[in-house]
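K.L.:
Got a structure here, written out as structure tokens. Questions coming.
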Amino acid sequence: MSEIELTRHITQLAARNKVGRRLGLFFLGGGSYDHFIPAVVDAISGRSEFYTAYTPYQAEASQGSLQAFFEFQTLICQLTGLDVANASLYEGGSAVAEAVLMAMTVTRRLGKVLIAESVHPEYRRTLTTYLANLEPRIETLPTPHGFLDPDDLVKAIDEHTACVVVQHPNFFGCLEEVEAIAKAAHDKGALFVVSFDPISTGLLKRPGQYGADIAVAEGQCLGNPMVYGGPYLGLLACREQFVRKIPGRLVGQTVDRNGKRCWVLTLQTREQHIRREKATSNICTNQGLFALRAAVYLAALGPQGLKETADLCARKAHYAADQLTKLPGMSLKFNRPFFKEFTLTFRAMFRVC
């Protein structure tokens, strides 16, 4: 084919894809959402000085990028209610795995990791891959009622447990008993790792408020399009005492020799900068452009805008659940509070003639 013919042919093939708003309404969820994105997000992230400098190696020469990452870290700390946030990870699944590795380093426990069955199955598979050749074993705690029963956790946790991992709201959409889980983990000296929905903090308590030691999330919902499932953005924040164990990079604020405000890479404990055995992670880059979009999105919405977005998600989800459960044979799978997702069960109704 000539170039013009090939372009026309590829365009026709691409037009056969049915995604996003072309479908009208769709209910897949599971970590990828078609939220409204303010135009300012595209306008700023589309500037060449940002999208060509997403991970500067001579960082001090790129003050604009460093300031953007610093603002991103600040916003994530405000979002989570925790003390320190890094300059982003790959996506939600690897963020869970990195948090578990971090918890193992902090607690120095290599016995086992407890994770709820209600955590996203892709996140659990990612964690399994990360720990496949390491000493700790992963113990998945069943959630037959759509959430982790704290009493079941108390029976399973012991002094060899590095951390407990839950998702809140979880993969089924249900809310977990996070405060009781945090207490059970801390009573045994384990860390509490929570994977949360960033939008949910507009209505629900922030992870730091209910006892999370490390909070991770998929940041796609913060101003990033669905883009066929990736690349996405991993969020991670923790308490200040764990800062030396955090993966990836930390951008800090200081002053230059003239007393002017400036930014530097404060911490970068990864293999390319220090000896392999001293590295906290094998992360080779970050998702800086997506982190920038998240920062612009959060700054554009502000606290009130985030609250309104969360409220709209919750109201529409409950309206959808009410309407769908009016259909014959359709009912909610779990009798639990939910935020913006929910699980249905369907009993087929057959008519015998």
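The values are calculated or read from the model by the stated rules, or taken from the named source; none is laboratory data. In this text, all values refer to a predicted model and were calculated from it rather than measured experimentally. Please note: Cβ atoms are built from the backbone with ideal geometry, for glycine as well, and neighbour counts cover all protein chains shown. Note: accessible area is taken over every heavy atom of the protein model, side chains too, but ligands, DNA and RNA are not part of it. Shrake-Rupley method; radii C 1.70, N 1.55, O 1.52, S 1.80 Å.
K.L.:
Given the C-alpha centroids of the range 285-328 and the range 141-175, what is the distance between them in whole angstrom?
P.N.:
The range 285-328 and the range 141-175 have Cα centres spaced 25 Å from each other.
K.L.:
Just for the Cα atoms in the chain, what are the lengths along the principal axes, largest first, rounded to whole Å?
P.N.:
For the chain, the Cα extents along the three principal axes come out at 86, 66, 45 Å.
K.L.:
So, one more: Exactly which GluC sites (Glu not before Pro) in the range 144-236 are in a DSSP loop and have at most 16 other Cβ atoms within 10 Å?
P.N.:
Here the sparse-neighbourhood loop sites are 159.
K.L.:
Let me spell out the model: positive unit charges on the Cβ of Lys and Arg, negative unit charges on the Cβ of Asp and Glu, origin at the Cα centre of the chain. What dipole size does that give, in debye rounded to 20?
P.N.:
380 debye
K.L.:
Something else about it: Among 73, 304, 167, which one moves the most in a GNM of the chain with springs linking Cα atoms closer than 10 Å?
P.N.:
Of the options given, 304 has the highest mean-square fluctuation.
K.L.:
Can you pull out the trypsin sites (Lys or Arg not before Pro) in the range 193-244 that DSSP calls coil and that have at most 16 other Cβ atoms within 10 Å?
P.N.:
205, 239
K.L.:
So, with a 1.4 angstrom probe, what is the percent of accessible area on the chain that is carbon and sulfur?
P.N.:
54 percent
K.L.:
Further, regarding this structure: Once amide H atoms are built 1.01 Å from N in the peptide plane, which residues 5 or more positions from residue 197, or in another chain, come under 5 Å H to H?
P.N.:
168
K.L.:
Residues of the chain: accessible area per residue at 1.4 Å, in Å²?
P.N.:
52 Å²
K.L.:
Residue-wise, which Karplus ³J(HN,Hα) couplings in Hz belong to the range 107-116, taking 6.51 cos²θ - 1.76 cosθ + 1.60, θ = phi - 60°, and x for glycine or proline?
P.N.:
With coefficients 6.51, -1.76 and 1.60, one gets 7, 6, 10, 10, x, 7, 10, 9, 9, 6 Hz.
K.L.:
Enumerate the calculated ³J(HN,Hα) couplings along the range 308-322 in order (Karplus 6.51 cos²θ - 1.76 cosθ + 1.60, θ = phi - 60°), each rounded to whole Hz, writing x wherever the residue is Gly or Pro.
P.N.:
5, 4, 4, 5, 5, 4, 5, 5, 5, 5, 5, 5, 4, 4, 4
K.L.:
Of 188/307; 245/316; 205/333; 183/340; 188/333, which sit over 31 Å apart, Cα to Cα?
P.N.:
Over 31 Å Cα-Cα: 188/307; 245/316; 188/333.
K.L.:
Using only alpha-carbon positions, what ratio does the radius of gyration of the range 157-257 give when scaled by 2.2 N^0.38 Å?
P.N.:
Its radius of gyration relative to the 2.2 N^0.38 Å reference: 1.23.
K.L.:
List the trypsin sites (Lys or Arg not before Pro) within the range 61-116 that DSSP assigns to loop and that have no more than 10 neighbouring Cβ atoms inside 10 Å.
P.N.:
108
K.L.:
Which of 255, 40, 100 ends up with the largest GNM mean-square fluctuation for the chain, with Cα atoms connected below 10 Å?
P.N.:
255
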